[in-house]
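Beneath this line is the structure, given in structure tokens, with notes to follow.
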Amino acid sequence: MPSALSIVLLTLKISAAAMLIVIPLGMVVAWTLVRKRVHGRFWIEVLISLPLALTPVVIGFALLSVLGRNSTMGRFTHEIFGWDIAFTWVAAALASAVVAFPLSVRAFMVAFAGVDTRAELAARTLGAGPWRVFFTITLPMAYPGLLAGALLGFARALSEFGATIVVAGNIPGETQTLSLAIFNRISTGDDAAAMPLIVVTVVLAAISIAIHNHLLTRAVRLEANRSQREARG
Amino acid sequence: MRVIRNPFQIVASTPTLALLALFSAVILAVAACASDRATAEAPLAGMKVTSEPAGTVLVLAAASLTDVLTEAAVKFKTETGIEVKFSFGGSDSLATQLRRGAPGDVVIFAGAGPLDGLEKDGIVLKDSRRDIASNRLVIIAPARSGLKLASLGEIATGYSGRVAIADPRLAPAGRYAQAALEKAGVWAALGPRLIPSLDVRNTAAAVASGNAEFGFVYETDVAAVKGVDVVMAVPRDAYPQILYPASVVAGSEAQALAGRFLEYLVSQEAAGLFGKYGFRPPEYQALLK
């Protein structure tokens, strides 16, 4: 049985990998939805929010249908590269990413919506290109909200269970994250061995939420300062 | 321009820095402490390259077998050098995963039902099937409750409290309990008093917490559960034999190694191990001896 520490390390690795997918993709999606006129945006938002409403088991089986050996993609990676994505930590990271995605995107959208478009426009009139505007105006101004959204997604990824056990299995040392290890130990009656893992989970959650809250109050304070200064002219 | 702001200005406040530092410190500390072990157990290794390590078998196994199989795999590796990895879950769920293209070389289930289905569809090799252990059904009551049972029928005639069983639609344990209660002729009468639950562990929890008067669980579960007493073994002729069958997966690329692991699981040495964890040998084996 892997040690508690190696389980924590594996869980952090899988959650971090999930956020590497969620953060760039989520920012693109959130920015597009906030700043651009998108056809069928309602249905896009429904699609993005589905992982919040659906039971993760459904997401797990959907991913398994895409990545498993019976699928075109699964057969391709298996026969060309000798890889199986299903039942590896990569599959666990993908499952966590899908489930964490809506939470992060929602927060990203709020963060981008809070950025004053006049500032972006002003930069454009001074000759900055769209990328420069994004990186020097939009990103710095939305920063606390974006980081808060990323942390919220990270916390969700840490606790992912339902989709992971279906598409990545429950392999000790490979895909058995904190949640899966706790489940396995409790379902085999080993409550004592589950306790340290539960404590670790609580600590990780507390740290994530503390940072998240701090960034949110910071964002609110920045916003208040800005409107004050604007009122003063 | 007041709107252009250095991003680091925002994070550079002392409390944020302190929190971020704490967070990174925790992660680093965990990483540092775990690194020796981590390299030994290689959770950081990349995607599994199926063809590379000559000697890895992936077993999809019923969660109730976690402890005994983990120990068996360690012994098997020291004897043969073949590494066995497990993915533990509910038998019915594991069977569905395999149908959907999950990789796996061996399946080991609680109860014959899920494996019969896979066999019929050619997903596992029929000839490779071995029964590796069996289990018994017992009735438990809250510890020190003083409840006594002389027969199954007495649950209906002598008591009026709730009765916890695993849901027959969700878990094999529930189907065995239903069979036993039907045989005793009290299934219909007990209907409104039943608490169906997800699995045997939930059944035991319902009894241990005092929410149910009696519960039907596997003999091997009792040792792991605190707060319950066995009040009666369900008569062996009241339900079908509870077998743990194993098979090699038809699509496996490590069939030879998988077969060797199955042979090990039916060996004398493995039988001793199963006995240690409270499992019984399959009954026909007992008859042969």
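At a 10 Å Cβ-Cβ cut-off, how would you order A:R124, A:R37, B:R162, fewest neighbours first?
With the sparsest Cβ surroundings first, the list reads A:R37, A:R124, B:R162.
To the nearest 0.05, how large is the calculated FRET efficiency for B:A223 and B:A188 if R₀ is 45 Å and r is the Cβ-Cβ distance?
Once the sixth-power term is evaluated, E becomes 0.85.
If you take every residue apart from B:L257 with its C-beta less than 10 Å away from the C-beta of B:L257, what net charge results, scoring Lys and Arg +1 and Asp and Glu -1?
Spelling it out: positives minus negatives among the neighbours equals -2.
Alpha carbon centre of the range B:213-228 versus the range A:69-93: separation in Å?
So the two Cα centres are separated by 40 Å.
Which residue fluctuates the most in chain A, going by a Gaussian network model with Cα springs under 10 Å, if the choices are A:L158, A:L33, A:L126?
Looking only at A:L158, A:L33, A:L126, the largest GNM fluctuation is found for A:L126.
For the protein assembly as shown, take N as its residue count and report Rg(C-alpha) divided by 2.2 N^0.38 Å.
In units of the 2.2 N^0.38 Å rule of thumb, it is 1.15.
Please compute the average number of Cβ atoms from other chains found within 10 Å of each residue's Cβ in peptide A:132-140.
2
Would you work out the relative contact order for chain A, in percent, from Cα pairs under 8 angstrom that are 6 or more residues apart?
On the way: 268 pairs, mean separation 66.4, N = 233.
This gives 29 percent for chain A.
If each DSSP helix of 4+ residues adds -39,500 (n - 2.57) and the sum is divided by the residues in chain A, what number results at 222 nm, nearest 500 deg cm²/dmol?
-26500 deg cm²/dmol
For the pair B:I195/A:V199, report the inter-label distance in nm, with labels modelled 7 Å from Cα in the Cβ direction.
About 3.0 nm, to one decimal.
Which of A:W131, A:W31 comes first, and how do the rest follow, when ranked by fewest Cβ neighbours within 10 Å? Write out the running numbers ahead of the final one.
Details: A:W131 8, A:W31 19.
With the sparsest Cβ surroundings first, the list reads A:W131, A:W31.
Please pull out the direction-averaged projected area of the range B:175-268, using the convex hull of its alpha-carbon atoms, in nm² to one decimal place.
So the Cα hull casts an average projection of 8.9 nm².
From other protein chains only, count the Cβ atoms within 10 Å of every residue's Cβ in B:224-237, then give the mean.
1
Dipole size in debye (nearest 20) for chain A around its Cα centre, Lys and Arg Cβ +1, Asp and Glu Cβ -1? Working shown, then result.
Numbers: 18 positive and 11 negative charges, 219 e Å.
Rounded to the nearest 20 debye, it is 1060 debye.
Give, rounded to the nearest 20 debye, the magnitude of the charge dipole that the protein assembly as shown has about its Cα centre when Lys and Arg contribute +1 at Cβ and Asp and Glu contribute -1 at Cβ.
2100
What's the exposure ranking of B:S151, B:S197, B:S91, going from fewest to most Cβ atoms within 10 Å?
B:S151, B:S197, B:S91
Considering the dipole of the protein assembly as shown built from charges on the beta carbon (Lys and Arg +1, Asp and Glu -1) around the Cα centre, which of A:T117, A:F161, B:L118 is farthest to its positive end?
It is A:T117, whose Cα lies furthest towards the positive end.
Per-residue Cβ counts within 10 Å, from other chains only, averaged over A:166-177: what number is that?
Shielding by partners across A:166-177 averages 6.
So how far, in whole Å, is the C-alpha centre of the range A:141-181 from the one of the range A:193-233?
Centre-to-centre distance over Cα atoms comes out at 19 Å.
Grab the beta carbon distance between A:S49 and B:A150, set R0 = 60 Å, and tell me the FRET efficiency rounded to 0.05.
Between A:S49 and B:A150 the formula returns 0.55.
Taking 7 Å along the Cα-to-C-beta vector as the label spot, tell me the A:A113-B:N211 distance in nanometres, rounded to one decimal.
4.0
Treat every Asp and Glu Cβ in the range B:137-233 as -1 and every Lys and Arg Cβ as +1, leave all other atoms uncharged, and give the resulting dipole magnitude about the Cα centre to the nearest 20 debye.
That gives the range B:137-233 a dipole magnitude of about 120 debye.
For chain A, modelled as a GNM with alpha-carbon contacts under 10 angstrom, which of A:L204, A:L180, A:L94 fluctuates the most?
Between A:L204, A:L180, A:L94, it is A:L204 that shows the largest mean-square fluctuation.
Taking the Cα centre of the protein assembly as shown as the origin and placing charges on Cβ (Lys, Arg +1; Asp, Glu -1), which of A:I137, A:L67, A:V203 is farthest toward the positive end of the dipole?
Most positive-ward Cα: A:I137.
Check which residues have an amide H placed less than 5 Å from B:V231's amide H, if you skip close sequence neighbours.
Amide H to amide H, under 5 Å and 5 or more residues apart or across chains, B:V231 pairs with B:I139, B:I140, B:A141.
Read-outs: derived from the displayed coordinates by stated rules, not from any lab. These figures come from a predicted structure and were not determined experimentally. Every residue, glycine as well, gets a Cβ built from its backbone with ideal geometry; the counts of neighbours run over all protein chains shown.
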